[in-house]
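The values are calculated or read from the model by the stated rules, or taken from the named source; none is laboratory data. Predicted model, so just to flag it, every value in this text is computed and none were measured. All Cβ positions, glycine included, derive from the backbone under ideal geometry; neighbour counts span all protein chains shown.
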Amino acid sequence: MKKQPAVRKYGKQHTKPKQSRLFAELPQTPVRPAKTNSRVELEVPLNDDAIDEVTGKLTAVTLQDENTPPPDPVEPVKRRRGRPSAAKPSPKVKEPTKCQTPRPPSPPISLMSEPPAEPSIPGQELSVLTWSEVCPLGDRIVKIAEASYAEVYRVTNERGTSIIKVIRMQSPIKPKTKAQEKSGLVDEEPHSEADLMGELKISEWLADIPGFVVYKERYIVQGKACRELLETHQTFHKKLKRQDPDRLQFYPSPSRYLDGTKFLVVELGDAGIALEDFELTTTDQLWDIFFHVTIALARAETHIEFEHRDLHEGNLCVRRTGEPIPAGERTRSAHFGHSGLEITILDYGLSRACDDYENDDSLPVAYDLERDLSIFTSEHAAQCEVYRQMRSFLLRGDRTCLPPKSHKTPYAQGIDGPIDWRVHEPYTNVLWLAYIYQYMLDNFRGPKKDLTTFKRLTKELWLYLNPKAGNNMPGFESASDIVRFAVESGWVEEDQLMGGREEVERSILSILATDELNGDGTFLSDMALRRSPRRRSQRIT
C-alpha cells in the first residue's frame, strides 16, 4: 500500500490561538487604523487637495511614464489559489532559542534650517525653497543614486542626515549644449503631479510596515542650482562613467537650471548606503540582508498584496544599528540576526499593491510596464534580465525567460489574455530575491571558505529560488513561502517573527498557515505546501 505523505507543520508549535501570534523582535509595525472600503483606480483625476492628502503620509517618491496609454480599466476578481503536483523533501525543523534583534533607531532630525513645518493638509500649499536653502553653507550634499524618475541625494549637517529625492516638475530648463547632445545626454522628461498618484498611494500603505523608508516632509525647490549641487552631480557621473563607460546620463546637469525650474523634493530618513556601495565581508551579513528583505516583502505581501518589481541593488539600503554578535556569544542557533544590520527598501515607482484586497470592489494600484517596453529589451545591466523574467512569466506562466526580441508588442497575449500588470503575482518578488541572493554571492569580499559554507547551507534554498531551474523543479510562489522555508530550516526562529501586540494582528506564519489547513485543523501534506513556479489562471475581469 502506498505510504501517505507526512503531515507537515511549520516552526515551533503553539497552544495559543493563531490569531494572537505576532511578529516580534524585528522592528514592530505601529497599529494601523481601520481600513475603509475605497476604490483605487489606475488613472485617478486629481486636484491639489487630493495630492496634499495623499502625500502627507508619503514615504518615498518616484514617477510613472506615460508613453503608451493603458487598456481600458476592468474590474478585478479574487485570486484563486491552486495546488501544484510537485513535492520536495523537508529540512529538519530546529527548536528556537531566545535572542534580541536590534530595534530601529529614532528617525533622524530634519535638515531644514527652520523648524520642521506642520504636515501638509488639504488646502495648504507646499513651501517653496531655493537650492541654497536646501543645502546652506556648512551643510554637505552628495548625490548617491538615480532612482526611477528621481535623483537621490544625501544631505548632512550637525543636526543629522536626510535623504532627498528630487523630481523635476513641468517647468523651463536650458536647452542642451552641443557637447551634451554629442555625449548622448537623454533628458528625463518632467512630470506632473498626476504622475505621482500611483506611488504616493503605495507609499502611504507601506508607511506602517518595517523595512520600508521613513517619510519626513515634502516641498518645492525652485531656481538655479548652488555650486555644491553641481559639483556632486559631476562627481557622481564621473564615478559611473568609470564603472560603465557606455552608461548614458538621463538627468539634466544642474548647470541648466533656470530661475523658473521647479522640483518636487521629498525628504526621507537616512536609510544607510545602497547595497551596491556596501562591502559584504561576512556571511552573517548575507543571512541578515537576504532575510530582512524577504521578511519585509512577506509582510507587505500579506498586508497589501505588494510586489516591488524593481528591487535591484540600488533600491536596497543597508545600515548598521548594532554591533555584530560573535559566534561564541550567541544564544540561539539560527543564522539570522547576528550582523547588527538592518535594511530599507526604496523606490516603488514600478510597484503593485492593493490596500483593501479582501473587498471585491477594491482596485489595485500598479504601474503599467507595457507603456514603455524598452525596460524589457534593454541589456545594459544584469537587472534587465529580471524585468524580462517577470514579463515572460505573465506571457508563459513558467520559468522560461524570453529574449529581448520577444518583448516588442505591448499588451501581448499571455496565458490569461492580454498582459495586465494589475494582476497580483508575488512570484515577481521571488525573482528579485533570487537576483539579490546572486548579487551578494558575486560581490562577496570575505573569506572564500565562508562563502563556500554559505552556499552549501543554502543549496536547497537556491534549488527552489533559482529562476533558471527546470520547469519540473518545484519553486517558491512568494516571499512568504521563503520565510516559511527559513523557519523550517532553522535559519530564522519563529519567535523572531512574533510577539508584541496580542489580538491586534497575526504573524505571517499564522496567516499563511490558515490557508494551508485541512478541515480538521491539521496542515496539508508536503506535496501541497511546495509550490510549482507555474502560474494558475487568475485573470482580472
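Values computed for the structure shown
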{"quantity": "Near pairs, Cβ below 6 angstrom, 6+ apart or cross-chain, from region 245-265 (within 16 Å of Glu228 (Cβ to Cβ)) to any residue that is part of a loop (DSSP other than H, G, I, E, B)", "calculated": "Pro254/Ala225; Tyr257/Lys224; Tyr257/Ala225"}
{"quantity": "Out of Gly337, Gly269, Gly314, sole residue that is touching a residue at least 60 places away in the same chain (Cβ under 8 Å) and farther than 27 Å from Pro426 by Cα", "calculated": "Gly269"}
{"quantity": "Unique match (being closer than 28 Å to Met473 by Cβ, more than 23 Å from the chain's Cα centre (by Cα) and surrounded by fewer than 22 Cβ atoms within 10 Å (Cβ to Cβ)) among Pro418, Pro403", "calculated": "Pro403"}
{"quantity": "Residue satisfying condition, being closer than 16 Å to Ser351 by Cβ, at pLDDT 80 or above and of a type in the set (D, E, K, R), within set Lys238, Lys201", "calculated": "Lys201"}
{"quantity": "Of all residues in region 250-282 being assigned to a loop (DSSP other than H, G, I, E, B) and among the small types (Gly, Ala, Ser), the one that is nearest to Ser203 (Cα to Cα)", "calculated": "Ala271"}
{"quantity": "Only listed residue being surrounded by 16 or more Cβ atoms within 10 Å (Cβ to Cβ), out of contact with any Lys or Arg (no Cβ under 9 Å at 6 or more places or on another chain) and of a type in the set (Lys, Arg), chosen from Arg445, Arg388, Arg396", "calculated": "Arg388"}
{"quantity": "Residue within region 277-287 that is more than 30 Å from Pro447 (Cβ to Cβ), touching a residue at least 24 places away in the same chain (Cβ under 8 Å) and aliphatic (A, V, I, L, M) present", "calculated": "no"}
{"quantity": "Region 332-352, residues that are assigned to a loop (DSSP other than H, G, I, E, B) and of a type in the set (Ser, Thr, Tyr)", "calculated": "Ser333, Ser339, Tyr348, Ser351"}
{"quantity": "Region 214-236, residues that are within 13 Å of Phe263 (Cβ to Cβ), surrounded by 21 or more Cβ atoms within 10 Å (Cβ to Cβ) and basic (Lys, Arg)", "calculated": "Arg218"}
{"quantity": "Residue within region 353-369 that is outside any loop (DSSP other than H, G, I, E, B) and aromatic (Phe, Trp, Tyr) present", "calculated": "no"}
{"quantity": "Single residue of Ala434, Ala469, Ala486 found to be in contact (Cβ under 8 Å) with a residue 24 or more places away in the chain, surrounded by fewer than 19 Cβ atoms within 10 Å (Cβ to Cβ) and touching a Leu at 6+ places or on another chain (Cβ under 9 Å)", "calculated": "Ala469"}
{"quantity": "Arg309 vs. criteria in contact with a Leu (Cβ under 8 Å, 6 or more places away or on another chain), in a loop (DSSP other than H, G, I, E, B) and of a type in the set (Lys, Arg)", "calculated": "yes"}
{"quantity": "Elements of type helices (runs of 4 or more DSSP H) in region 425-486, at least 2 residues being touching a Ser or Thr at 6+ places or on another chain (Cβ under 7 Å)", "calculated": "427-442, 448-457"}
{"quantity": "Hey, Glu323 surrounded by fewer than 23 Cβ atoms within 10 Å (Cβ to Cβ), of a type in the set (D, E, K, R) and either touching a residue at least 12 places away in the same chain (Cβ under 8 Å) or in a loop (DSSP other than H, G, I, E, B) (or both) or not", "calculated": "yes"}
{"quantity": "Per-region count, region 144-184, residues out of contact with any Ser or Thr (no Cβ under 8 Å at 6 or more places or on another chain) and either at pLDDT below 75 or part of a helix (DSSP H, G or I) (or both)", "calculated": "6"}
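Yes/no per residue for (1) touching an Asp or Glu at 6+ places or on another chain (Cβ under 9 Å); (2) at pLDDT below 95; (3) over 29 Å from His380 (Cβ atoms):
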{"position": "Phe444", "(1), (2), (3)": "yes, no, no"}
{"position": "Asn471", "(1), (2), (3)": "yes, yes, no"}
{"position": "Phe476", "(1), (2), (3)": "no, no, no"}
{"position": "Asp481", "(1), (2), (3)": "no, no, yes"}
{"position": "Phe485", "(1), (2), (3)": "yes, no, yes"}
{"position": "Glu502", "(1), (2), (3)": "no, yes, yes"}
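The rows are residues; the columns are (1) over 28 Å from Gly160 (Cβ atoms); (2) under 27 Å from the mean Cα position of the chain (by Cα).
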position: Glu231; (1), (2): no, no
position: Lys241; (1), (2): yes, yes
position: Asp244; (1), (2): yes, yes
position: Arg247; (1), (2): yes, yes
position: Leu258; (1), (2): yes, no
position: Val266; (1), (2): no, yes
position: Asp270; (1), (2): no, yes
position: Ala296; (1), (2): no, yes
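Residue-by-condition table, conditions (1) within 25 Å of Leu369 (Cβ to Cβ); (2) aliphatic (A, V, I, L, M); (3) crowded, with 21+ Cβ neighbours inside 10 Å:
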site: Ala207; (1), (2), (3): yes, yes, no
site: Phe212; (1), (2), (3): yes, no, yes
site: Asp277; (1), (2), (3): no, no, no
site: Val293; (1), (2), (3): yes, yes, yes
